[in-house]
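Asks: Following this message is one structure expressed as structure tokens.
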Amino acid sequence: MKYVLLTLISAMLLSISWPTYGVPFFIFFALVPLLMMEHGVSKFSDYKRKSWVVFGLSYLCFIIWNIVTTGWLYGSKNPDGSHSLMAVLFPVLVNSLLYSLVFQCYHWYKNAQGTYWGLAFFVAIWMSFEKFHLNWELTWPWLNLGNSFSEYPKLIQWYDTLGATGGSFWILLVNVLLFYTIRTWEAGRKRKDLIKNSSIVAALIIIPMIISVVKYNNFNEKPIGTVNVLMLQPDLDPYAEKYSKDSLTIEQDLLDLAEKNTKGRIDYYIAPETALPGRGSISETAFEKSIILHNLKGFLAKHPGSVFSTGISSHKFYTGSKDLPTEAYQINQGLWVESFNSAIQVIPNQKVQVYHKGKLVPGVEIFPYMNYLKPLLGDAMINLGGTVASLGSDKERVAFSNPYNKGKIAPIICYESIYGEFVTDYVKKGANFLGIMTNDSWWGVSEGHKQLLSYAKLRAIETRREIARAANSGISAHINAQGEIVEDTFYGDKTALFAKINLYENQTFYVKAGDLLTRFSIFALGFLLFYFLIKRFQKKFTKQQA
């Protein structure tokens, strides 16, 4: 029961540390009870299968953490209106399993190499796993540890140097040093060592926060200009209204909302993810013939100097089977189509600029590892009014230029806003403010849309770019370059939000260097594994010589 209790304490501490309902300071010692459980089982228990005990208890910890923090996924529904149990079961069970496997690798390495080498391995493999979780096709970095401070931007201003992954390293290091402090006290009961180690831990927690507050109070970067932005929040029901209403009616409601809330000059109108066309999608090979896009240009003709950025569902047709994109699928004899979740910028008398979402939601917009999983799962995709085939995507980010002012918007689409280093690529392309087009209405009134908004603050700090966030049902928001919400809307309101957005052009160290500590951690992981193999080889060679 002692080990179960330690496991449950870790699960509780991880859970209550999470935004947007928790207190992140618990995260600094949330993993300590779990580390104590592993050490106790490994060194002091008489279990026959200790590795299975460690795996089972760690899985219990991580599954509780996942359920508490991401159980809101149950709010997503199937096309028939029923709740999608698979939408919560698969992420929770698989994500918990992955974290448990990481912890199990630490357990094996620690038993082979000793506690101190094991703790270094723990930090390195956890950091490497978080990076892996940011990049593979089953990507789900929602619970990366550095995200936990998203509601306290004043304390993490140094993320502009090391990013949210630097925050993960910070949290892991404190947890490991706390565990080390407890172990040295238990082993030697030396008060001097306890004071010294406790002081190091306290300094490691407090000094980055002090640096952050100083950076916050001394932030004085000069903008190169400002733009007036109107973020549109149409509050369109994504399960029924969006696919039953006529597309032109949906568009007219959106334009009426824009017209009603236009007071003075507007440089950018920004609408949410897939705000148009409703049911179906717009052909990219016929953008200039699209009635929907023609209507947008007609609206802009009444507002000279304005541009319209919006999320759309789009597609491309292909008439030959040669050089087809992987995501294209056949719809008729000799005709293939590739679908996209896109962002466009419409300007009168100019070609429509388009960007295809690069980070796709597993199971909703992409069939992960289709060649391997489809024979096993069939078409068991989570269909949120979307597709049972993978969408196409762009390999590079873009920044939409504005001919009327200095504005260059990063057209970030929903899920993409979770990815720190990924978002920096927009800035490298010249974006001087971030425009997030999102639809968080799938989960209803839950922590889901609040957490996704909260994570956007991290991107503002990392890039030192202001954010204009247009969400279908909310929360739409203006976030400044220090990661603070200047103004926002209520979830579920049909409304619009005006913001005067500052434009910045300097690149932060994080924009230039990306996830630097993660790369160091991957190198360290390789070194630790190589060191382990060399020692094994040396022992084997010594035995053979003897």
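The values are calculated or read from the model by the stated rules, or taken from the named source; none is laboratory data. Values in this document were obtained by computation on a predicted structure and should not be read as measured data. No Cβ is skipped: glycine too gets one built from the backbone with ideal geometry, and neighbour counts run over all protein chains shown.
Asks: Would you pick out the residues in the range 494-516 that are surrounded by fewer than 17 Cβ atoms within 10 Å (Cβ to Cβ) and in a helix (DSSP H, G or I)?
Replies: 509, 512, 513
Asks: I would also like to ask the following. Any chance you could count how many residues in the range 379-417 are modelled with pLDDT of 95 or more, touching a Ser or Thr at 6+ places or on another chain (Cβ under 9 Å) and either hydrophobic (A, V, I, L, M, F, W, C) or not assigned by TED's automatic domain parsing to the domain that holds residue 273 (or both)?
Replies: 6
Asks: Please determine whether any residue of the range 306-323 is out of contact with any Ser or Thr (no Cβ under 7 Å at 6 or more places or on another chain), assigned to a loop (DSSP other than H, G, I, E, B) and under 30 Å from residue 230 (Cβ atoms).
Replies: Looking through the range 306-323, at least one residue is out of contact with any Ser or Thr (no Cβ under 7 Å at 6 or more places or on another chain), assigned to a loop (DSSP other than H, G, I, E, B) and under 30 Å from residue 230 (Cβ atoms).
Asks: When you scan the range 155-166, do you find a residue that is in the same structural domain as residue 32 (by TED's automatic domain parsing), of a type in the set (D, E, K, R) and surrounded by fewer than 17 Cβ atoms within 10 Å (Cβ to Cβ), even just one?
Replies: no
Residues checked against (1) closer than 22 Å to residue 75 by Cβ; (2) assigned by TED's automatic domain parsing to the domain that holds residue 158; (3) in contact (Cβ under 8 Å) with a residue 60 or more places away in the chain; (4) assigned to a helix (DSSP H, G or I):
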| position | (1), (2), (3), (4) |
| --- | --- |
| 422 | no, no, yes, yes |
| 434 | no, no, no, no |
| 448 | yes, no, yes, yes |
| 455 | yes, no, yes, yes |
| 465 | no, no, no, no |
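Asks: Could you tell me whether residue 151 is touching a Pro at 6+ places or on another chain (Cβ under 6 Å), among the charged types (D, E, K, R) and closer than 21 Å to residue 463 by Cα?
Replies: Judged against the criteria, residue 151 is a match.
Asks: Go over the candidates 207, 171 one by one and state the one that is in a helix (DSSP H, G or I) and over 18 Å from residue 148 (Cβ atoms).
Replies: None of the others qualify; the one that does is 207.
Asks: Something else now. For residue 276, indicate whether it is under 19 Å from residue 473 (Cα atoms), modelled with pLDDT of 95 or more, touching a Lys or Arg at 6+ places or on another chain (Cβ under 8 Å) and surrounded by 12 or more Cβ atoms within 10 Å (Cβ to Cβ).
Replies: no
Asks: If you don't mind, another one. Does at least one position in the range 336-348 carry a residue that is in a loop (DSSP other than H, G, I, E, B) and either at pLDDT below 95 or outside the structural domain of residue 230 (by TED's automatic domain parsing) (or both)?
Replies: For the range 336-348, residues in a loop (DSSP other than H, G, I, E, B) and either at pLDDT below 95 or outside the structural domain of residue 230 (by TED's automatic domain parsing) (or both): present.
Asks: Of the residues 76, 45, 10, 17, only one is surrounded by fewer than 17 Cβ atoms within 10 Å (Cβ to Cβ), polar (S, T, N, Q) and in the same structural domain as residue 179 (by TED's automatic domain parsing); which?
Replies: 45
Asks: Go through 541, 520 for me and flag whichever is exposed (fewer than 14 other Cβ atoms within 10 Å of the Cβ), more than 26 Å from the chain's Cα centre (by Cα) and under 25 Å from residue 116 (Cβ atoms).
Replies: After applying the criteria, what remains is 541.
Asks: Mind counting the residues in the range 275-292 that are of a type in the set (A, V, I, L, M, F, W, C) and closer than 24 Å to residue 440 by Cα?
Replies: 4
Asks: Return yes when residue 69 is in the same structural domain as residue 23 (by TED's automatic domain parsing), in contact with a helix residue (DSSP H, G or I) (Cβ under 8 Å, 6 or more places away or on another chain) and under 19 Å from residue 35 (Cα atoms) and no when it is not.
Replies: Judged against the criteria, residue 69 is not a match.
Asks: Now a separate question. Within the range 78-103, which residues are closer than 19 Å to residue 368 by Cα, at pLDDT below 95 and among the small types (Gly, Ala, Ser)?
Replies: If the condition is that a residue be closer than 19 Å to residue 368 by Cα, at pLDDT below 95 and among the small types (Gly, Ala, Ser), then 84, 87 are the ones that fit.
Asks: Okay, moving on. Against the condition outside any loop (DSSP other than H, G, I, E, B) and either over 12 Å from residue 412 (Cβ atoms) or within 16 Å of the chain's Cα centre (by Cα) (or both), how does residue 475 come out, does it pass?
Replies: no
Asks: Only one residue in 368, 325 is of a type outside the set (Phe, Trp, Tyr) and surrounded by fewer than 15 Cβ atoms within 10 Å (Cβ to Cβ). Which one?
Replies: Just a single option satisfies the conditions, and that option is 325.
Asks: Then there's this: Restricting the range 219-251 to residues that are among the acidic types (Asp, Glu) and outside any helix (DSSP H, G or I), which is nearest to residue 412 (Cα to Cα)?
Replies: 235
Asks: On to the next question. Return the pair list, or none, for Cβ contacts closer than 9 Å from residues in the range 174-203 that are free of Cβ contacts under 8 Å to residues at least 40 places away in the same chain to residues that are surrounded by fewer than 17 Cβ atoms within 10 Å (Cβ to Cβ) and of a type in the set (Asp, Glu), at least 6 apart or on different chains.
Replies: 181/193; 184/193; 185/193
Asks: Residues to consider are 37, 1; find the one that is over 28 Å from residue 418 (Cβ atoms) and crowded, with 22+ Cβ neighbours inside 10 Å.
Replies: 37 is the lone residue from the list that is over 28 Å from residue 418 (Cβ atoms) and crowded, with 22+ Cβ neighbours inside 10 Å.
Asks: If you don't mind, there's one more thing I want to ask. Of everything in the range 133-173, what is among the polar types (S, T, N, Q) and either touching a Leu at 6+ places or on another chain (Cβ under 9 Å) or touching a residue at least 40 places away in the same chain (Cβ under 8 Å) (or both)? Give them in sequence order.
Replies: 139, 144, 147, 148, 150, 157, 161, 165, 168
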